[in-house]
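Colleague: I am attaching a structure below and will ask some questions about it afterwards.
The values are calculated or read from the model by the stated rules, or taken from the named source; none is laboratory data. It should be emphasised that the depicted structure is a prediction, and the values quoted were computed from it without experimental measurement. Virtual Cβ from ideal backbone geometry, glycine too; neighbours counted across all protein chains shown. Side chains are part of the model used for accessible areas, which takes the heavy atoms of the whole protein and leaves out ligands, DNA and RNA. Shrake-Rupley method; radii C 1.70, N 1.55, O 1.52, S 1.80 Å.
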Protein chains: 2
Amino acid sequence: MLIPELDAAAMVAARDRQATLTKPPGALGRLEDLSIWLAGVQGTCPPRPFERIRAVVIAGDHGVAHDGVSAFPPEVTAQMVANFAAGGAAVNILAAQVGATVRVVDVSVDTPVEAAGSDPRYRVRRGSGRINAEDAMTAEEAVTAFEVGVAIADEEIDAGTDLLVPGEMGIGNTTPSAALVAALLDLEPVEVIGRGTGIDDQRWMVKTAAVRDALRRGRPWVYDPMELLRTIGGPDLAALVGLIARAAERRTPVVLDGVVVCAAALVAEAHAPGVARWTVAGSRSSEPAQRFALESLGLEPLLDLGLRLGEGTGALVAVGLVKAAQATLAEMATFDQAGISDKSGPSG
Amino acid sequence: MLIPELDAAAMVAARDRQATLTKPPGALGRLEDLSIWLAGVQGTCPPRPFERIRAVVIAGDHGVAHDGVSAFPPEVTAQMVANFAAGGAAVNILAAQVGATVRVVDVSVDTPVEAAGSDPRYRVRRGSGRINAEDAMTAEEAVTAFEVGVAIADEEIDAGTDLLVPGEMGIGNTTPSAALVAALLDLEPVEVIGRGTGIDDQRWMVKTAAVRDALRRGRPWVYDPMELLRTIGGPDLAALVGLIARAAERRTPVVLDGVVVCAAALVAEAHAPGVARWTVAGSRSSEPAQRFALESLGLEPLLDLGLRLGEGTGALVAVGLVKAAQATLAEMATFDQAGISDKSGPSG
C-alpha cells in the first residue's frame, strides 16, 4: 500500500484563510489545526461539510478471554453485538448525536453462526487462539481478515463515507492490543496493561502474565506486522488494520478511538507508513497502551474525559469537534466581509 | 438571592441507572458525572433532552481599552456585534453546530445608539470608565446592569431555555475580568494577566499596570461584589453576573465560557453562594485568570483545546458533550433490557 501525502496547497490556503476570519489569529486553538488538516485531507479549502460519517464496529472474540483477563464473560461479545443491532449501546446513542450511522461486522465472534445482519463473507473464524499459548489465527486467516477490513473500507468509501470511525467489540480484546503495542514499541507488560473494562488486581496479574507470554511468542515478528497479527493479534485486529490502512490509502480521514483501534492504527502505520497522517485521535483512554501508541503515531487526543469504553465511543464524541472545525473555517465571515478593523498591534 | 440545591434524589437515581447501562461501570468517564449532574439540575432521572439551548452574548466597551491593553482598537466591539447579527462570527457557527441560538445584548457598547436588534432598555451606558483611574460606572448603573442580566435570564427561561450559555464581546474586557479575579482571590497582576486577543510584550506590560492600578482601587471592596463591579468591573460584567446568578436561582444549568464569563461566575458565587453548582465549565482558556476562577469555583473544564476567543465559543463547543451525557443516560439500554450477562468479576 502506498499512502498518499495530504494536500499541502490546500493546507496553506486553509492557514491563510484562518488568518482572515473574524477572530484573533489562533484564538480557536486546536480547532484551527483540525480545520487545516481537514483541508489537507479533502484537498480543498475551505473543507466541505461531511456527508456520511460512518462508525464501523468490528466484533471478535479472543481465546485469551477464557483465561480470565476480563471482568466480563466471553459471551458478552455476542450479546453486545445484538445490542448494537438493536440500537441500545453507547456507540448507537453517541453516533446519533453527531449524525453518524453505525455498521457492525462480525469478523470473529465465537458463536456458531455470524451475527444477524453481518455479511457472512466477512466472518473469518470463531474467536481467536489463546495468544499466550498459541497463534491467534493462521497466516491465511490473517490475510483474509486484513482483506475483510480493506473490503469494508472500499464499500464504505464507495458509498460516500467521508469520515470514518473504526470501533470494536470483543471481550478480552484489550489484551492482544496491549501485546501488539508492547511488541512494536518494545515495552514491558506492566507498562501497557490497564484495567480494561474494570478488572481487579487478580485479573490484572492474569492479564499481565498473558501479555508477557504473548510477547515471548510475538517478539520475533516485530518487523513483520502481518506475522505479528497472526501470532498475538486476532482477526478483528487484522480487519481493523486493513480498514484503517485502506481508508488512508483512499484519502479518507479516520477518527481513532481507544486502545484497540489505536493498536490497530499502530500496526497499520508499521505496515504502510504514512497512515497516521490521515488520522486524528478522538479521546484519551485510561489504557496506558493507547498513550504509547498515540505518542508513537505523533497524535494528541482531542478529548480527555476518562473514557474507557471503546466501541468507537471516544472517537464519536470527538466527531463534534471535527465538525466544528470544518464549519468555522468554511462558514465564518472574514474581516473584509464583516467590515471589521484590523489588529492595531505592532506585532501583528 | 437564595440559590437552590441540586436534586439529590434524582442524582442518586442517575448514579444507580448508570450502573445498569450496557457498559462497564464508569466507562463513560466524565460523561457519566455530567449526566448525574444533569439529573440533579433537572430534578428528574433520566434527564430530558434540551429543548432550547441559548447563547446570550453580552456586549460592552471598556474605557481601559483606550490605554492600549488590547491588540484590537475599541471600535471592533461594535463591528463584531454587527457580525453576530449577520451570523458570521464563530459564536454563530458553533451555536448552529450544537442546535443553539444566539442572542446579542448591547449593554454598554461605546456607540451613539444601541446595536440594531438589541433592546434599548438594556443599554446601561456607553462604555465603562477607565478602571485603572476611575470607577467603571456609578452605583446606580451597577445595580441597573445586574438587573438587566436578571431580566434577560427571566426572559430566556420563561421562553423555555433549559441550557444557558453566557457569552461576551468587548475589546479590553479581559482586563477588568483579570482584575476582578485577582481582587477576589487575592492574586498579583502578573499571575492573572494573559495575552488576551494576542498582545505583545509592550501591551502586556500596559495591561499588567492597568490591572495593578485597578486592584489598588478595587481591593477595599473585595467583600462587596456589587461595589467591586462598580469600581473595577463594567456594566457588561455586572449583567453577566446577574444573568448567571438568576439562572442558578431558577434552576437553569449554565455552561461557562472563557475568562470573562468565569470572572462573572466568580463574582456571582461571591454574591450568591451556590451559583457554581448550577454551572459546568466548557473549555479551558489560555488566560490564567480563568484557571484561578475555575479552581476557586471547584470546576474542571470539559475541553482543553487552546481556545481563547470568548464570545461563548468555548462553552458552545462543550455543549455537544453535555448533550451526549444526557443522551447516553436517557437512551442506552440496560443490561436487563439487552439480556446481557452481568460482570463475572468477584470485585463487582
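Colleague: May I ask you to derive the relative contact order of chain B, considering only C-alpha pairs under 8 Å and at least 6 residues apart, and to give it as an integer percent?
Modeller: 24
Colleague: If you stretched the chain out fully between B:His66 and B:Trp204, how much longer would it get, using 0.36 nm times the residue separation minus the C-alpha to C-alpha distance?
Modeller: Here the segment from B:His66 to B:Trp204 would lengthen by 48.3 nm.
Colleague: Something else about it: Please identify, among A:Ala265, A:Ala330, A:Ala293, the residue showing maximal mean-square fluctuation in a Gaussian network model of chain A using a 10 angstrom Cα cutoff.
Modeller: A:Ala330
Colleague: So the label point sits 7 Å from Cα along the Cα-to-Cβ vector; using that for A:Thr44, what distances do you get to the other copies, in nanometres, sorted shortest first?
Modeller: 4.3
Colleague: May I pose another question? So, counting K/R as plus one and D/E as minus one, what does the shell of residues with Cβ under 13 Å around B:Gly172 add up to?
Modeller: -3
Colleague: May I ask for the angle, rounded to the nearest 10°, between helix A:76-86 and the longest principal axis of chain A, with both axes built from Cα atoms and the value confined to 0 to 90°?
Modeller: It works out to around 40 degrees.
Colleague: Give or take rounding to whole Å, what are the principal axis extents of the alpha carbon atoms in the range A:8-150, in descending order?
Modeller: If we take the Cα atoms of the range A:8-150, the spans are 59, 34, 29 Å.
Colleague: Working from Cα positions, state the angle (0 to 90°, nearest 10) between the long axis of helix A:139-158 and the longest principal axis of chain A.
Modeller: Helix A:139-158 sits roughly 30 degrees off the main axis of chain A.
Colleague: For B:Trp221, B:Trp37, what's the largest-to-smallest order of accessible area, 1.4 Å probe?
Modeller: The residues order as B:Trp221, B:Trp37, largest area first.
Colleague: From the label point of B:Arg126, set 7 Å along Cα to the beta carbon, how far off in nm is each other copy's matching point, shortest first?
Modeller: 8.4
Colleague: Given springs between every Cα pair under 10 Å in a Gaussian network model of chain B, which of B:Ala55, B:Ala27, B:Ala264 has the largest fluctuation?
Modeller: Between B:Ala55, B:Ala27, B:Ala264, it is B:Ala27 that shows the largest mean-square fluctuation.
Colleague: Which order do the peptides B:172-181, B:16-25 take when ranked by the mean count of other beta-carbon atoms within 10 Å per residue, highest first?
Modeller: Output ranking for B:172-181, B:16-25: B:172-181, B:16-25.
Colleague: Could you identify the residue of A sitting closest to the A-B rotation axis by Cβ and state that distance rounded to whole angstrom?
Modeller: Result for the axis mapping A onto B: A:Gly320, 2.
Colleague: Just to confirm the numbers: A:Asp186, label point 7 angstrom along the Cα-Cβ line, distances to the other copies in nm, shortest first?
Modeller: For A:Asp186, the other copies' label points sit at 5.4 nm, shortest first.
Colleague: Which Cα, out of A:Ala19, A:Pro189, A:Ala82, lies furthest along the positive dipole direction of chain A (beta carbon charges, K/R +1, D/E -1)?
Modeller: The Cα lying farthest towards the positive end belongs to A:Ala19.
Colleague: Also: Over all directions, average the projected area of the Cα convex hull of the protein assembly as shown and note it in nm².
Modeller: Convex hull of Cα atoms, orientation-averaged projection: 28.4 nm².
Colleague: Determine the dipole magnitude for the range B:13-115: charges of +1 sit on the beta-carbon of Lys and Arg, -1 on that of Asp and Glu, nothing else is charged, the reference point is the Cα centre, and the result goes in debye to the nearest 20.
Modeller: Value, rounded to 20: 800 debye.
Colleague: A further question follows. Could you state the angle between the C-alpha long axis of helix A:235-249 and the longest principal axis of the C-alpha atoms of chain A, as a value from 0 to 90 degrees rounded to the nearest 10?
Modeller: 20
Colleague: How large, in percent, is the carbon and sulfur part of the accessible surface of the protein assembly as shown at a probe radius of 1.4 Å?
Modeller: After summing per-atom areas, the C and S share lands at 51 percent.
Colleague: Would you mind counting up the charge near A:Val124? Only other residues with Cβ under 13 Å from its Cβ, with Lys and Arg at +1 and Asp and Glu at -1.
Modeller: -4
Colleague: For the pair B:Trp221 and A:Glu191, what calculated FRET efficiency results from E = 1/(1 + (r/R0)^6), where r is the Cβ-Cβ distance and R0 = 41 Å, to the nearest 0.05?
Modeller: After rounding, the FRET efficiency stands at 0.15.
Colleague: Magnitude of the Cβ-charge dipole of chain B, K/R +1 and D/E -1, about the Cα centre, nearest 20 debye?
Modeller: Roughly 460 debye for chain B.
Colleague: Using a Gaussian network model of chain B whose springs link C-alpha atoms within less than 10 Å, name the residue from B:Leu316, B:Leu187, B:Leu240 with the highest mean-square fluctuation.
Modeller: Looking only at B:Leu316, B:Leu187, B:Leu240, the biggest GNM fluctuation is shown by B:Leu187.
Colleague: Now for a separate question. Ignoring ligands, DNA and RNA, how much accessible area is buried between chains A and B, both sides summed, with a 1.4 Å probe, to the nearest 100 Å²?
Modeller: So the total buried area for this chain pair works out to about 4600 Å².
Colleague: With +1 assigned to the C-beta of every Lys and Arg and -1 to the C-beta of every Asp and Glu, and no other charges, what is the dipole magnitude of the protein assembly as shown about the Cα centre in debye, to the nearest 20?
Modeller: Rounded to the nearest 20 debye, it is 80 debye.
Colleague: Please work out the C-alpha center-to-center distance from the range B:112-182 to the range A:126-183 and express it in whole Å.
Modeller: After rounding, the separation between the Cα centres reads 56 Å.
Colleague: Rounded to two decimals, what is the ratio between the C-alpha radius of gyration of chain A and 2.2 N^0.38 Å?
Modeller: 1.01
Colleague: At what distance in nm do the modelled label points of B:Asp158 and A:Asp158 sit from each other, each positioned 7 Å from its Cα along Cα→Cβ?
Modeller: Those two pseudo-labels are separated by 6.0 nm.
Colleague: In terms of the ratio Rg/(2.2 N^0.38 Å) built on C-alpha atoms, what value belongs to the range A:250-348?
Modeller: 1.39
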